[in-house]
Amino acid sequence: METPVTQIANPLPRTAGTGGSVLVDRCQVCGSPDLRSILFIGYLPPVNTMSPIGSRPDEQPAYPAEMLHCPRCTLVQLGLVVDPSIIFPPHYAYTSGTTRILRDNFAQLYAEVMERFPLTPTDLVVDVGSNDGTLLGNFHRRGHRVCGVEPTHACRIALAAGIPTLNAFFSRESARAVKAEHGAATVVTACNVFAHIEDVHGVVEGILDLLGDDGLFISESHYLAPLVETLQYDTIYHEHLRYYSLTSLKYLLEMHGLEVIHARPIPTHGGSIRVYAARRGTRPVSPDVARILAEEAVALTPERFSEFKRRVSQSKLDLMALLRDVRKDGARVYAVGAPSRASTLVNYVGLDDAIIDCVLEIAGSYKIGKYMPGTLIPVLDEAKLFEDQPEYALLLSWHIGEELAGKLRQLGYRGKLIVPLPTPRILA
Ligand SMILES: [Zn+2]
């Protein structure tokens, strides 16, 4: 039976295809116009717009990054939605399989599903935003039926590995196409989809179209609680439209007749939350749900958001002070890693090519040979770190700082490491 479209009061106009942006003057989940500012970190350049080294700086767009809180449904969201064609240019080539922590996470997801909700080989698992097939590979290798939906070229890697993948944006149309070919899904997964896609209600409706009556929906989203706790303001950029708690995700899912039956914080992306949902009343609800909701009621209050704002600006002052002291002695500072979040940190703190000599990326990265967005800091091959042995290396991927520090030491870097957040500090 087809699920009826839930009427969402007062939806925002779409930016897709306009080449512009839309001001968020009402909540993207519940439609409330009462949105409260948590933090404004200034105007940010699009993270994937990087000019070649040697080019003169020309006119570039920049978009305001304000974090807003909706007291009605508790969603935290960015105050501006930018046309996805600006945010996700065609050469955008992120693949999950290249990150160990993501590979491990999806292997663990498989084990957790099989322990809590054992599947048979005939059960169909559909992954929304399936990327290079890293998640589905775990199910595929054990003989379950799988299908991915992925709009980017990453789907070619999945197809080459024998994982059926529809090369399309996820929508009610693509959901119907998958169902027509493979039947209803026992499990639908969506990892880092709810924060990125403009029409979040359309995504949930598409998932419901696809999901069997007693099916299981599993989502993973970057989690607001550790974001606030460990000052991950650098995850604020225009790809991330929304910053979820279990409370706000529950509100969204309940609007569509889904019930949260289990949830668990997981370590990916500096702290995420994995949420299991099913059609209301079809499965028992684990006590973890009430426990996490109670924790959030204490940790995600307007008072905590004010404190977050104060701590963010203090961390900026502290990092500048640390770099001032280091540079006074003429030491070189090379930054390591240019993920999207590095662009927010660099632009918010105000780092430039006189403070940071360069940013280093692993050989093969398409960012090498370009400037960091909004600056003239060159992105160069990581080999330079081991050849030059600068006195300091600033870890811009600080959320995986331990793994990164170990790797740099192993490869022979002998200088000192600077961790920029949550408290700027120098590791011996
Ligand atoms: Zn709301």
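The values are calculated or read from the model by the stated rules, or taken from the named source; none is laboratory data. Small disclaimer: the values here were computed from a predicted structure and weren't measured. We place every Cβ from the backbone using ideal geometry, glycine too, and count neighbours over all the protein chains shown.
Descriptive notes on the structure:
- Considering the conditions (1) on the phi < 0 side of the Ramachandran plot; (2) modelled with pLDDT under 95, GLY270 is excluded by exactly one of them, (1).
- The set of residues from segment 50-75 being out of contact with any helix residue (DSSP H, G or I) (no Cβ under 9 Å at 6 or more places or on another chain) and within 9 Å of the ligand (Cβ to nearest atom) is empty.
- Residue within segment 268-281 that is over 25 Å from MET114 (Cα atoms), of a type in the set (Phe, Trp, Tyr) and surrounded by 20 or more Cβ atoms within 10 Å (Cβ to Cβ) present: no
- Within segment 10-39, the set of residues being charged (D, E, K, R) and within 16 Å of the ligand (Cβ to nearest atom) comprises ASP25, ARG26, ASP34, ARG36.
- Which numbered condition SER248 misses (of (1) away from the ligand (no atom under 16 Å from the Cβ); (2) touching a Ser or Thr at 6+ places or on another chain (Cβ under 6 Å)): (1)
- Selected residue (only one of VAL126, VAL47 is at pLDDT 95 or above and either away from the ligand (no atom under 16 Å from the Cβ) or in a helix (DSSP H, G or I) (or both)): VAL126
- Strands (runs of 3 or more DSSP E) contained in segment 237-349 and holding at least 1 residues free of Cβ contacts under 8 Å to residues at least 40 places away in the same chain: 258-266
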